[in-house]
Amino acid sequence: MTSASRTALITGASAGIGATFARHLAAQGYHLLLVARRADRLQDLARELAQRHGVRCEVFSADLMDPASPRAVVAHAAQLGMSIDFLVNNAGLSGHRKFIDTPWPELAGEIQLMMTTLTELTHLVAPGMVQRGWGRIINVSSLAALSPPGESLLYSAIKSYVMVMSQSMDMEFKPHGVHVTALCPGFTHSEFHDVMGTRKTANQLPPILWQQPQDVVQEAIKAVMSGKPVCVPGTFNKIMASLMRPLPLWLQYQLGKAFNPFK
Ligand SMILES: NC(=O)c1ccc[n+]([C@@H]2O[C@H](COP(=O)([O-])OP(=O)(O)OC[C@H]3O[C@@H](n4cnc5c(N)ncnc54)[C@H](OP(=O)(O)O)[C@@H]3O)[C@@H](O)[C@H]2O)c1
């Protein structure tokens, strides 16, 4: 089977890194099932990609903070007769207020969206991939998983989970032809900081810290195809990760406390 007859499911495809995954995978001939809350954005993108690349492009509007959503997405794919060969668990956001000032439903939503939904979608689609002997899964983590923890944020902990979980699943699935890659981008141009409410501070960060989503996505697809379990895109991010990772935990704690640009 070639990518021309394979289907990719992408969450958070209405903007940023997810929409960029959709563009790259459609250009490679994958049929797409695009998921996010903003149906109008998904429909515009689906129309454009179907026209440009001649692929089948379906959309499903869902709030992935809803615990019922992973099963609803997969049921919709089955209804459309699409079996998922390539899964990109990308949808995400971060709160930036103090932990005790954030209402519990918001924190629970972050955990559901980036941990539970991501894990359940993997659990739902992996058996089919294993059965067919081919599959690719990219779980979008963050450089935050390899960096000192940020004060108040659940984000660092959540993205650490995504990275470690992806490595564990890669060990289990790889003998069956299914590769899992944790993608750990650094600062990437998208709507992330508008949603987080930190655009002003983000714009003051030096340009060397930033990557374009196209570069991140290209490197991620190359990594998952070649079976790399963790992908840190960009030279600067790779250097940062290799410098920060070996630091003793007490120093990581102090660095995390001292250098939080979003505090
Ligand atoms: N940009 C960065 O600097 C950066 C760095 C490291 C990691 N990341 C990670 O990259 C991933 C993509 O982020 P991005 O930078 O592309 O941000 P973005 O431009 O804000 O896109 C986020 C996507 O997630 C979707 N989403 C958010 N909440 C959702 C929900 N409840 N249900 C369904 N979809 C939801 C959004 O769609 P709707 O609003 O339409 O639902 C949107 O398509 C995230 O996991 C993020 O943590 C980003």
(request) Take the range 139-190, compute every pairwise Cα distance, and split them into 5 Å bins from 0; I just need the percent in each bin. (result) 5, 22, 25, 20, 14, 9, 5, 1
(message) Spelling out what I want: for every residue of the range 75-80, take phi, set θ = phi - 60°, compute 6.51 cos²θ - 1.76 cosθ + 1.60 (Karplus), and round to whole Hz; glycine and proline get x.
(response) 5, 5, 4, 5, 4, 7
(request) Return the Rg/Rh value of the range 2-128, two decimal places, where both radii are evaluated on C-alpha atoms and Rh is the Kirkwood radius. (result) 1.00
(request) Starting from 0 in steps of 10 Å, tell me what percent of the Cα-Cα pairs of the chain lands in each bin. (result) 7, 31, 38, 19, 5, 0
(request) List the residues whose amide H sits under 5 Å from the amide H of E58, counting only those 5 or more places along or on another chain, with H placed 1.01 Å from N in the peptide plane. (result) L32, L33, L34
(message) Helix-only mean residue ellipticity at 222 nm, the chain, DSSP H runs n ≥ 4 weighted -39,500 (n - 2.57), per residue, nearest 500. What is it?
(response) -14500 deg cm²/dmol
(message) As a test, work out the antiparallel percent of DSSP beta bridges whose residues both lie in the range 3-258, rounded to the nearest 5.
(response) 0 percent
(request) Summarise the long-distance tail of P(r) for the range 177-263 by giving the % of C-alpha pairs beyond 21 Å. (result) 43 percent
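Coordinate-derived values only; no laboratory data. Everything numeric here is computed off the predicted structure, so don't read it as measured data.
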